C-alpha cells in the first residue's frame, strides 16, 4: 500500500516561496493498493494527482472519498483531468447530506462559476452517500465514522487485513460528545446526521485503534486554539495525546494552517522531536508534506 500526499493545507491554497517545502495545496491524499486508486478529498492538490493518474494510462476506475463538502475539500474537482476523459469511471463517496451530496459537490460547476457542468462531463460519475458503515472494494475494507466538525464529516479507515490506515480530518478532539448533543457546538452537524448518530470520543478511539498509520487534523497551536474552539480543528497537543491513546505506529499531522510558513513548520517539528525525546515517546510522528510517500 502506498500513501501519497498531494495537498496538505486546510482552508485555502497558499502557494509561494515560504510554503514551498511543505506545500500550499489543500487536502488531497492518494492510496494505491493492488493497482486500485483511492483518493481522500478533492482539494486543490487533486489537480496534479489527476495529471499523474492520466500519465499512468492503466487504471480507469477511481474511488474518491470526501470527508465533507467544505470548500477546501472539493475545490479541486473541476480541475481533476480524468473527469473530462470518457475512459474513466469515477465513484464519489461522501457523508450523507440528506440526498444532496451530488448537488453540493457539483454546484461549484454551475455555469455561473465554471464553464462545464457535471452532467456534461465525459467520464462516468457515480455518487454514493455514506453513513457509519463498512464495505469492501476488492480486498480492501473501508469503514466510516462521523467525527466532530461543524458539518457532517466522515473519518475513514482503509484496512486490507494486514495494514490499517485511518484518516481523521477535519476533527476537533477537544469538543465533547455532550457539548455537541446539548447544542453548544456543531448544531448544523446534528441537524444533518441526527443527535443519535454522533459518536462518543471512545467510539472514535475504538474506530481508529490498531492504526498502522494515523493521519490527523493538527491545525492549531495550543495558544491559537484558545480563540478557535468550535471551528472544527484540533490543536497539536490534543492530536498528540489522541495518537498516543491509540498507540498508532505512525502518525501524520495534516490540514496545516494556511498562515504557517515552512520556517514555522520546521520549528514545530523540531519542538515535537525534542519533546518526544525528553519524554521517551517512541511513536513515529511526521508533519505532512506535498509529495511525501508512505509505503507499508
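Against the longest alpha carbon principal axis of the chain, how many degrees, from 0 to 90 and to the nearest 10, is the axis of helix 262-279 turned?
50 degrees
If you average the sequence gap of Cα pairs under 8 Å that are 6 or more apart and divide by the length of the range 199-296, what percent do you get for the contact order?
30 percent
In percent, how large is the relative contact order of the range 2-295, given Cα pairs closer than 8 Å and 6 or more residues apart?
Worked out over the range 2-295, it gives 18 percent.
Using a 10 angstrom cutoff on alpha carbons, build the Gaussian network for the chain and name the most mobile of 122, 152, 243.
Evaluated over the chain, the most mobile residue of the options is 122.
Looking at [x] 28, 22, 20; [y] 29, 26, 17; [z] 41, 20, 17, which value of semi-axes √(5λ) of the Cα gyration tensor in Å comes from a calculation on the structure shown?
[x]
Describe numerically, in nm with one decimal, the distance between label points set 7 Å from Cα along Cα→Cβ at residue 128 and at residue 162.
The two pseudo-label positions are separated by 2.4 nm.
Taking the 0 to 90 degree range and rounding to the nearest ten, how far is the long axis of helix 46-56 tilted relative to the main principal axis of the chain, both from C-alpha atoms?
That works out to roughly 60 degrees.
Sorted from fewest to most neighbouring beta carbons within 10 Å, what does the list 191, 9, 295 look like?
By the 10 Å Cβ count, ascending: 295, 191, 9.
In which sequence would 93, 220 go, from the one with the fewest C-beta neighbours within 10 Å to the one with the most?
93, 220
What's the center-to-center distance, using Cα atoms, between the range 1-62 and the range 228-277 in Å?
Here the two parts' Cα centres lie 21 Å apart.
What is the gain in length, in nm to one decimal, between residue 54 and residue 12 on full extension, counting 0.36 nm per residue of separation less the C-alpha to C-alpha distance?
Gain on stretching residue 54 to residue 12: 12.6 nm.
Please tell me the relative contact order of the range 38-173 in percent, rounded to the nearest whole number, where contacts are Cα pairs under 8 Å and at least six residues apart.
With pairs under 8 Å counted, the relative contact order is 20 percent.
Would you calculate the separation in nanometres between label points at residue 283 and residue 195, each defined as 7 Å from the Cα along the Cα-to-beta-carbon direction?
3.2 nm
Give me 69, 221, 227 ranked fewest to most by other Cβ atoms within 10 Å of their Cβ, as a rough exposure proxy.
227, 221, 69
Along Cα→Cβ, 7 Å out, is where each label goes; now give me the distance between the ones at residue 245 and residue 227 in nm to one decimal.
Computed distance between label sites residue 245 and residue 227 equals 2.8 nm.
Taken together, the values in this text are just the output of simple stated rules run on the coordinates, not laboratory data. What you see is a predicted model; the values in this text were computed from it and never measured. Cβ coordinates were reconstructed from backbone atoms using ideal geometry, including for glycine residues, and neighbour counts include every protein chain displayed.
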